[in-house]
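K.L.:
Input: one structure, supplied below.
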Amino acid sequence: GENVEQHPSTLSVQEGDSAVIKCTYSDSASNYFPWYKQELGKGPQLIIDIRSNVGEKKDQRIAVTLNKTAKHFSLHITETQPEDSAVYFCAASKGSGGYQKVTFGIGTKLQVIP
Amino acid sequence: DTEVTQTPKHLVMGMTNKKSLKCEQHMGHRAMYWYKQKAKKPPELMFVYSYEKLSINESVPSRFSPECPNSSLLNLHLHALQPEDSALYLCASSQVTGYSNQPQHFGDGTRLSIL
């Protein structure tokens, strides 16, 4: 089955700096890669996703890159703010539009220091 | 506010009790999921329903019994749980398009404590 590795497990940055979280996956058939943010007491919320036919996607301060050859993808957050503090999960899944079995990384606890 | 609503938010029960968790979505999604999440861990898939039929059971103990009575509602019936079953139980839903994977939308979960 799919195996997703995520690092670092914890990350502290100063407000205004950038944060980068990296993930690798093992199954070359995986074709969909969502990123989730989970705040304390809440469920995971999708923040950005990327499909295997795209190399990069950006949404305001958040960007994701995908390298299919190396089987790794990364989340970049620029101009970090205290409200970005949360646990971030990368994930991978495969399929063609039916229900999905998503494999999550272990999570990265991001702390943005004001 | 999430579009997937879970009730109750918190539940404390004894090992001999029977209780149910409820999940509701009105986004027209035809795939619904139950996950278990322990502290400082990622969500672990338990069950998947597609078009109200059970499609995946990840070898979950029979003390957990899922039910999908209609396309908007997902229940998880609990009976004779163990202390190690204490966790956050998350429900999610996703569109079924037939051509590309769609994101799963999560509720805020039910925090379950077994005494």
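Rule-based calculations on the coordinates, nothing more; no lab input. Computed from a predicted model, the values in this text were never measured in an experiment. Glycine gets a Cβ as well: all are built from the backbone with ideal geometry, and neighbour counts include every protein chain shown.
K.L.:
Calculate the tail of P(r) for chain A: the fraction of all Cα-Cα distances greater than 19 Å, expressed in %.
P.N.:
Roughly 42 percent, rounded to a whole number.
K.L.:
Now for a different question. Note the per residue figure in Å³ for the convex hull of the C-alpha positions in chain B.
P.N.:
Spelled out: Cα convex hull of chain B, divided by residues, is 102 Å³.
K.L.:
Further, regarding this structure: Need the C-alpha centroid separation for the range A:56-114 versus the range A:1-53, integer Å.
P.N.:
Comparing the Cα centres of the range A:56-114 and the range A:1-53, I get a distance of 3 Å.
K.L.:
Something else now. Stokes-Einstein D for the range B:4-64 at 20 °C, 1.002 mPa s, Kirkwood Rh over Cα pairs, in µm²/s?
P.N.:
159 µm²/s
K.L.:
Another one. Do me a favour and compute the ellipsoid semi-axes for the protein assembly as shown from its Cα gyration tensor, root of five times each eigenvalue, largest one first, whole Å.
P.N.:
Equivalent-ellipsoid dimensions as semi-axes: 30, 21, 15 Å.
K.L.:
No other cysteine beta carbon under 4.7 Å away is the test; run it over the protein assembly as shown and list who passes.
P.N.:
Lone cysteines by the Cβ rule: B:CYS68.
K.L.:
Within 10 Å of each Cβ of B:63-74, how many other protein chain Cβ atoms are there on average?
P.N.:
That works out to 0 on average.
K.L.:
By average Cβ neighbour count within 10 Å, what is the ranking of B:15-22, B:55-62, B:35-42, A:99-106 from highest down?
P.N.:
Per-residue mean Cβ counts within 10 Å order the peptides as A:99-106, B:35-42, B:15-22, B:55-62.
K.L.:
Taking the range A:3-79, which GluC sites (Glu not before Pro) meet the DSSP loop condition and have no more than 16 other C-beta atoms within 10 Å?
P.N.:
Loop-located and lightly packed - A:GLU15, A:GLU39, A:GLU79.
K.L.:
Sticking with this one: Residue by residue through the range A:45-58, what is 3J(HN,Hα) from phi via Karplus (6.51 cos²θ - 1.76 cosθ + 1.60, θ = phi - 60°)? Round to whole Hz and write x for glycine and proline.
P.N.:
10, 5, 10, 6, 9, 8, 9, 5, 8, 10, x, 8, 9, 10
K.L.:
Beta carbons within 10 angstrom, averaged per residue: use that to sort the peptides B:104-112, A:45-53, B:73-81, highest first.
P.N.:
Highest mean packing first, the order is B:104-112, B:73-81, A:45-53.
K.L.:
Take peptide B:103-112, look around each residue's Cβ out to 10 angstrom, count Cβ atoms belonging to other protein chains, and average those counts.
P.N.:
5
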